[in-house]
Amino acid sequence: MAEIKVIEEKCTGCGKCVSSCPFSLIKIEGKKAKILPGCNFCGTCVDACPFEAIILEREEKVVDLSDYKGVWVFAEQRDGRIMPVTFELLSAGRHLADDLGEELAVVILGDNLKENLNLLKKYPVDKIYAVQDTLLSDYKTGFYARVLTSLIEKFKPEIILVGATSIGRDLAPRVAARIKTGLTADCTSLKIDKEKRCLVQIRPAFGGNIMASIITPYTRPQMATVRPKVMEKILPSSSSAQIIEIEPDLTGEDELVRILDKIRVESDVKDLQEAEIIVSGGRGLGKPENFSLIRKLADILGGAVGASRAVVDAGWIPSYHQVGQTGKTVQPKLYIACGISGAIQHQVGMRNSEVIIAINKDPEAPIFNIATYGIVEDLHKFLPALIEKLESLSSTKK
Amino acid sequence: MLRIVVCIKQVPDTEELARVRINPATNTIVREGVKSIINPFDENAIEEALRIKEKKDALVTCISMGPPQAKEALRKALAMGVDRAFLISDPSFAGSDTWATSFVLSQAIRKIGEFDLIITGKQAIDGDTAQVGPELAELLGIPQVTYVRKLEIEDGKMKAERVLEDYFEVVQVKLPALVTVTKEINQPRYPSLKGLLNARKMDIPVLTNKDLNLPEDKIGLDGSPTRVVRVFTPEPPPKGEIIEGNLEEKVQRIIEELKKRNLLRWLK
């Protein structure tokens, strides 16, 4: 159990710790710092104190984890196609494996894997664990969790990376709970603490207002889901990956959930999370019909249509367009926010976009705090002018 | 009778947090005085349970693990119309990560009694992990269907539509099972005046570790496989530029910037 203490003789009541605490759990009482219940021992105040008056003691358990070696990446597929996040995980995994001086392996489950195995062999991985069975053709929680757990028990990797997608975030916790190990969700950065030989997992929390570094000190493997589109993709290179085929031990009864049907999303709705350009509309549009301006701009730029929560709640546009904390998190190359004031709950869904253009009448709108380019203008004037200019460019292009 | 358990979490209202309570000088979160709310997706979970109850004979139990003030969230669930609520609270549960939280919840659910369906939100808006649902299902040994936007219960089976990034799956599972729901599934109701008055009178029993008797190495910080070692505020994004000039100049400037950054390459 960890313990945190204030050494009263050293504390001057300066209050630096009070403002450093991300959880506001320190107050000054009688000119001394007092740590309130609820402290999660993050240690920020320890670093902030100029007088070394706060000490944090963590009891270190000794556990032998040396049986666990190497980094694994789970290769997510949809309709037999390996998802882009897999190649991002491979580049992160390659760095981690090199830092540890261990092997990088990719784990792929499915049916008819021949083509995908040939594809994976073009990348700098050391091992490919392949499990083929008709029962694994589509992702199913029960089957996949069972196979992945048995592979982990057999081959004992020290790190497993899974994409933070609706499949990865369904599978990884099921497996982590079964083997009782730590899982850190939706990481945006990963590194090795070489001294402790452990994985440092960095992720946003509280809607991106704070970042946390998380470790899994006493159990292996260390599991993390990683947010798509954050890491660079791995590049192909000559590799001599060894393919290890494993026979699964599955029967139909192991899977309690039956897939009856798959429904494609309407084809005019591009997947927001994959889009390179997003044009989003908010309440500043004035009325639902004005979304046609947003659609037109998105269309000519080759982008997708997004929306703020306000207009989704008002029923102007279906909710799968919604960007933000309770909608989708996106990271396009270009995000154009039109008539969106930029409440924090919207910002957390789009602020990692490479370039943000904000168009708003109100110069005080918070969206301008994060915009690369701000245009203080009535969007009903600006957007038609921009669209017209783009149309003339596009016709000269042809 | 269908026995439904809804798991909810009390979270800080981040919208309010952003508007009033971020200290720009220190760039830290000020939690004091920040309003707490039921995690929005968990309100959808409560609503869905209530809708099932409107059609079928059902008992809806709402539980929350958290500090004593989480009773407020449970009180609201009662006001919305759930039949009973339990708070799972003990100082020894503090510091639990998703594994330890799921473990405590699984044991509390077993203690409360038999169940057919567990409903919870797809994730909480403070931690955003989306892990407690699946981990709880695993520890209870029941199947899970995550990210559900529509569900129907018929003859001891659930049919559900699961949202993936670019398609929906229609799945069927025999109960008992656990579902996590998205906001698309319904529009949560506001408590009625009668509901609010009733809820005020209702008792919310607290299950502590005296009741659950869970080993120390499986709860709280000691029972958590993960440790938060550092918390810090992210770098603020570099301040952008407000483009000046008349309408035409502004349009021209934006086009130039897009060209320079090679963002017009998909131009139709």
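What follows draws every value from the coordinates through simple rules; no lab data is involved. Here the structure is a predicted model, which means the values were calculated and not measured. Here the Cβ is made from the backbone with ideal geometry for all residues, glycine too, and neighbour counts use every protein chain on show.
Is any helix in chain A, taking whole DSSP H runs, at least 24 angstrom long along its axis by alpha carbon and on average at least -1.0 on the Kyte-Doolittle scale, and which ones? Qualifying helices: A:84-100, A:379-397.
If you take the alpha carbon atoms of region A:298-397 and fit the smallest convex hull around them, that volume is 101 Å³ per residue. Sorted from longest to shortest, the spans of the Cα atoms of region A:108-168 along the three principal axes equal 30, 28, 24 Å. For the residues of B:168-176, the average number of beta carbons from a partner chain within 10 Å of their own beta carbon is 5.
Among the cysteines of the protein assembly as shown, A:Cys11, A:Cys14, A:Cys21, A:Cys39, A:Cys42, A:Cys49, A:Cys187, A:Cys198, A:Cys338, B:Cys7, B:Cys62 have no other cysteine beta carbon within less than 4.7 Å of their own. Extending 7 Å from Cα along the Cβ direction at B:Lys239 and again at B:Lys259 yields two label points whose distance is 3.0 nm.
Peptide packing for A:215-226, A:16-27, B:253-264 was compared via the average number of neighbouring C-beta atoms within 10 Å per residue; ordered from the highest value, the list is A:215-226, A:16-27, B:253-264.
For peptide A:252-264, what's the mean number of Cβ atoms from other chains within 10 Å of each residue's Cβ?
5
For the pair B:Asp83 and A:Asp261, label points projected 7 Å from Cα toward Cβ lie 3.2 nm apart.
Over region A:71-254, the Kirkwood radius and the radius of gyration, each from Cα atoms, give a ratio Rg/Rh of 0.94.
With the convex hull of its Cα atoms as the shape, region A:3-57 has an orientation-averaged projected area of 3.2 nm². Rounded to the nearest 10 degrees, the angle from helix B:247-260 to the longest Cα principal axis of chain B is 80 degrees.
For the pair region A:1-57 / region B:198-268, the C-alpha centres are spaced 26 Å from each other.
What the Kirkwood sum gives for the protein assembly as shown is a hydrodynamic radius of 26.4 Å, with every pair of different alpha carbons counted.
Which value does Rg/Rh take for region A:1-140 over its C-alpha atoms, Rh per Kirkwood? On the Cα set of region A:1-140, Rg over Rh gives 1.27.
At a temperature of 4 °C and a viscosity of 1.567 mPa s, determine how fast region B:184-235 diffuses translationally according to Stokes-Einstein, using the Kirkwood radius over alpha-carbon pairs as Rh; express D in µm²/s, rounded to the nearest whole number. The Stokes-Einstein estimate is 79 µm²/s.
DSSP beta bridges fully contained in region A:155-229 are about 55 percent antiparallel.
Just tell me how shielded A:376-384 is by partners: mean number of partner chain Cβ atoms within 10 Å of each residue's Cβ, no decimals.
2
Centre-to-centre separation between the Cα atoms of region B:95-137 and those of region A:99-120: 32 Å. Annotation: extensible slack from A:Ser19 through A:Asp193 equals 59.8 nm (criterion: 0.36 nm per residue apart, minus Cα-Cα distance).
When both bridge partners sit in chain B, DSSP labels roughly 40% of those beta bridges antiparallel.
Note that chain A, at 4 °C in a medium of 1.567 mPa s, gets a Stokes-Einstein diffusion coefficient of 54 µm²/s from its Kirkwood radius over C-alpha pairs.
Taking θ as phi - 60° and the Karplus parameters 6.51, -1.76 and 1.60, the scalar couplings of region B:99-110 work out to 5, 5, 4, 4, 5, 4, 4, 4, 6, 5, 5, 4 Hz in sequence order, x denoting glycine and proline. Of all DSSP bridge pairs formed entirely within region A:71-254, close to 30 percent run antiparallel.
Residues A:His321, A:His95, arranged from fewest to most other Cβ atoms within 10 angstrom of their Cβ, appear as A:His95, A:His321. So if we plug the beta-carbon distance of B:Tyr167 and A:Arg295 into 1/(1 + (r/R0)^6) with R0 = 22 Å, what FRET efficiency do we get, rounded to 0.05? The calculated FRET efficiency here is 0.50. Each residue, B:Lys159 and A:Leu119, gets one label point 7 Å from its Cα in the Cβ direction; the gap between the two is 3.3 nm.
The convex hull around the C-alpha trace of chain B, projected and averaged over every direction, spans 20.2 square nanometres.
On the principal axes of its alpha carbon atoms, region B:77-206 extends 44, 37, 31 Å, with the longest extent given first.
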